[in-house]
Each structure stands twice: as structure tokens, then as C-alpha cells.
Amino acid sequence: MLITFTIIFFASSLLSSSSAASFKKIYAFGDSFTDTGNTEAHTGPNGFVHVSNPPYGTTFFHHPTNRYSDGRLVIDFVAESLSLPFLPPFRDSKANKTHGVNFAVAGSTAINHEFFVRNNLSLDITPESIETQMIWFNRYLESQGCRDSEPGSDRCREVFDDALFWVGEIGVNDYAYTLGSTVSGDTIRRLAIYSFTEFLHTLLKKGAKYVVVEGLPTTGCFPLAMTLAPSDDRDDIGCVKSVNNQTNAHNLVLQSKLSELRQQFPQAVIVYADYWNAYRTVMKSPASYGIKESFKACCGTGGEPYNFDVFNTCGSPSVTACPDPYEYINWDGVHLTEAMYKVVTGMFIDGNLSDPPFKTLLERKVRKP
């Protein structure tokens, strides 16, 4: 527990400085790891349709907020550290969006939805993609008086100059939706990376100057993956080897694309947040972070070894949550606990698992008010 507190204290100290105050707003994108309410029980991904029910949200908010966790997400901790309010979802038309907007959608994909329709893979997936989130962002820009034809206008500068763009992980769903199909992992990686790179290119071209991009976590460690994979498919940390290899390959290509974007947009700071190694670090030494249960879902049913049943997930009437989610990595079989999100955030903003270090982005912002 001591190391966890040390990480968060150090990160909080760093971000509570005058440099942190220079960001006046955050725009967030991604999937269910970042979504703060754009999806509800009836609009979210099938399999996790109970996000509007208790015990979701029980740890911090004490009621469901349509976040896929027991409490706060990485984006919530980032906002707190920057002394900004939690980001409202774009779909909440009544919310105060003065300090930013969250466009992330649970179940969202990097590849456009039409691809899955064409391949008869759309039965169980969310129709929104990263392209949808860009469409929503464009609508928001127009509502602020910022138009593509006037990228350097005062209204556009108000939107972009003091903004942090936090692009949460996206791409996990693309692989999940094609599981068991004839579509290869290589095809998904190529198409997902292309779509995502185009999205980032568009953001940067519009005027984004301070961008954080999360890589994919070690998805082979999720109880869902552990339940579905054969027991002999395991890696050095006890997770599903084939899935983690696939995710790692995706991250390597993504980092290469970010390097290219840095060359194309030298005026911007593009930070890679290494979710892969953040997750692995905790898996290798869970006790150092106050974690006692690395593989089992806190909220689920099915008992040993993973407490997960894909047909009876968290939020269902018959499913209960553990009394100590702060000792678990995983919340509901796929999504993480508030405790894990807090540790991961500390690793990102501390700088050890961000490239370049997050403090570099803060220092750059101070130099360019």
C-alpha cells in the first residue's frame, strides 16, 4: 500500500504545481475504460448491459454513474490532478462543458462499424467507433463557434490552446468482436491502427497541441480472456499468452505511428501512456500496490478460479461484489477497479511509464502560455 500512496502523492504534487493549472479543459476519447456516461445499460455493449445498476459506482460515487468500474477511471484521476471537474459525457446535453467533454463510448472500436457489418460481426457490438467520436467533436467545435474553415480564429484558439487531449485506449473491442471469425488478427491490427492514426492526424491538424495516447493494456490478463482460453495458453505472468502477444504487437505498431506523427507535427507534444507495462508491473508485484487478487473479478459469479460468467455479469440481480474491491485489479471481468485505475494513473503522470514523460508536456505548456 505504501508504494501506491507514494506514486499518487508524487503525481499529485507534480500536478498541483502552477504548471498543472495551465490546462483549463480536457477532451477525452476512447472506449469503456474512459467512458464517463455516454453509454447506459440499454446502449452499452452486450454482455455488460447492467452498468446502470448497483454495484457499479459503489466505491466513490456510491451509485451507478454509467462508468464501467466501482468508482473513478484514469480520466477522472487525471482531471482531479489538474484541479478540473470530472468530464461530462458528450451525450449529456444539460451538462456544463466549460472545462471539457468526454467523447469516449463503451464498446467503441477503432475500425468503422461498417466493416463489422460487412463481415457479419455486428450482432453484439456497439455501432460507435473512433470516427463517431470525431463527428461528435466536430459538432462540439461548431457549437463553440469553431469551424474548419477558420482554424486560427479566436474561437478555435479558445477550444484548443489550453486543452489536454486524452485519448484512452481503443482497439481491444476490435479484436474481441472478431474472435472466432475468419478475420485475422493481423487484418484487425492493420485496419485499427490505420483508423486510429487517421483520427490522431485529424486532431493534430485541427490544432491539438498536448495529446496523451494510451496503449492497450495486457488484455490477456482479463478474467474474460482467462476463462475462454485453454489452460496451457499462458505467459510469464500467468495470463493468456496468445492474447497478450497480439496486444503487444498492436502497441509496438502504434508507438511507431506516434513517432511518425511527432515528426509531422513538431509543434505538438504527443505522449504515449504505456498501459501494457503499467498493468504488467502490478501483475508482477501486486502486493506492492495493495493488491491481493490479480486474476479474479471482484463483481461476478462463477467462483474459482476467475469469478466470471459471461452470461451472468456484474449488475445482474444474482451477482454480488466483493467487499474489498481496493484489493482487486479487475472489477467485472473486463474493466478495472478504481484502485487499479488509480495506480495506473500514477504511473502515467509520474512519468515512468509515459514517453516522453508527462511532466515534459506540462513544462512545454508552461513555456507556451
Check: Among 331, 301, 203, whose Cα lies farthest out toward the positive end of the dipole of the chain, if unit charges sit on the beta carbon of Lys, Arg (+1) and Asp, Glu (-1)?
Finding: 203
Margin query: Along the Cα→Cβ direction, 7 angstrom out, place labels at residue 262 and residue 186. What is the inter-label distance in nm?
Written below: 2.9 nm
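Which trypsin sites (Lys or Arg not before Pro) in region 42-148 pass both tests, a DSSP loop state and at most 14 other beta-carbon atoms within 10 Å?
Values: sites: 67, 72, 91, 94, 97, 118, 139, 147; in loops: 67, 72, 91, 94, 97, 147.
Hits after loop and neighbour filter: 94, 147.
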Notebook entry, point to check: How much of the accessible area of the chain, in percent, comes from carbon and sulfur atoms when a 1.4 Å probe is used?
Noted result: 53 percent
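Once R0 is set to 56 Å, what does the formula 1/(1 + (r/R0)^6) return for the Cβ-Cβ distance between residue 96 and residue 242, expressed as a FRET efficiency to the nearest 0.05?
Working: r = 45 Å, r/R0 = 0.81.
About 0.80, to the nearest 0.05.
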Check: So who's got an amide H within less than 5 Å of the one on residue 329, skipping anything under 5 residues away but keeping other chains? H placed 1.01 Å off N, in plane.
Finding: 293
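May I ask you to give the solvent-accessible area per residue for region 328-369, in square angstrom, as obtained with a 1.4 angstrom probe?
Numbers: 1370 Å² over 42 residues.
Solvent-accessible surface per residue comes out at 33 Å².
Identify the trypsin sites (Lys or Arg not before Pro) of region 315-369 meeting these criteria: DSSP loop state and at most 12 other C-beta atoms within 10 Å of the C-beta.
On the way: sites: 342, 359, 364, 365, 367; in loops: none.
Nothing satisfies the criteria.
Please give the calculated 222 nm ellipticity per residue for the chain, where each DSSP H segment of at least 4 residues contributes -39500 (n - 2.57) and the sum is spread over every residue; nearest 500 deg cm²/dmol? Before the final figure, lay out the partial values.
Working: 12 runs with 140 residues, N = 369.
Helices in the chain give a 222 nm mean residue ellipticity of -11500 deg cm²/dmol.
I'd like the chymotrypsin sites (Phe, Trp or Tyr not before Pro) in region 291-320 restricted to DSSP loop residues with at most 16 other Cβ atoms within 10 Å, sorted by number. List each step's numbers first, then the result.
Details: sites: 295, 306, 308, 311; in loops: 306, 308, 311.
When the chymotrypsin sites (Phe, Trp or Tyr not before Pro) of region 291-320 are filtered for loop state and at most 16 Cβ neighbours within 10 Å, 311 remain.
Over the chain, calculate the relative contact order: mean separation of alpha carbon pairs under 8 Å at least 6 apart, over the residue count, as a percent.
Worked out over the chain, it gives 20 percent.
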Note to self: Rounded to whole Å, give me the distance from the Cα center of region 291-328 to that of region 196-212.
What the structure shows: 37 Å
Checklist line | Rounded Å value of the spacing that divides the Cα centres of region 160-185 and region 75-105 | finding: 20 Å
Notebook entry, point to check: With labels modelled as points extended 7 Å from the Cα through the Cβ direction, what inter-label distance (nm, one decimal) is found for residue 135 paired with residue 83?
Noted result: 3.9 nm
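The values are calculated or read from the model by the stated rules, or taken from the named source; none is laboratory data. Computed from a predicted model, the values in this text were never measured in an experiment. Here the Cβ is made from the backbone with ideal geometry for all residues, glycine too, and neighbour counts use every protein chain on show. When the accessible area is computed, the model is the full protein with side chains, heavy atoms only, and any ligands, DNA or RNA have been set aside. Shrake-Rupley method; radii C 1.70, N 1.55, O 1.52, S 1.80 Å.
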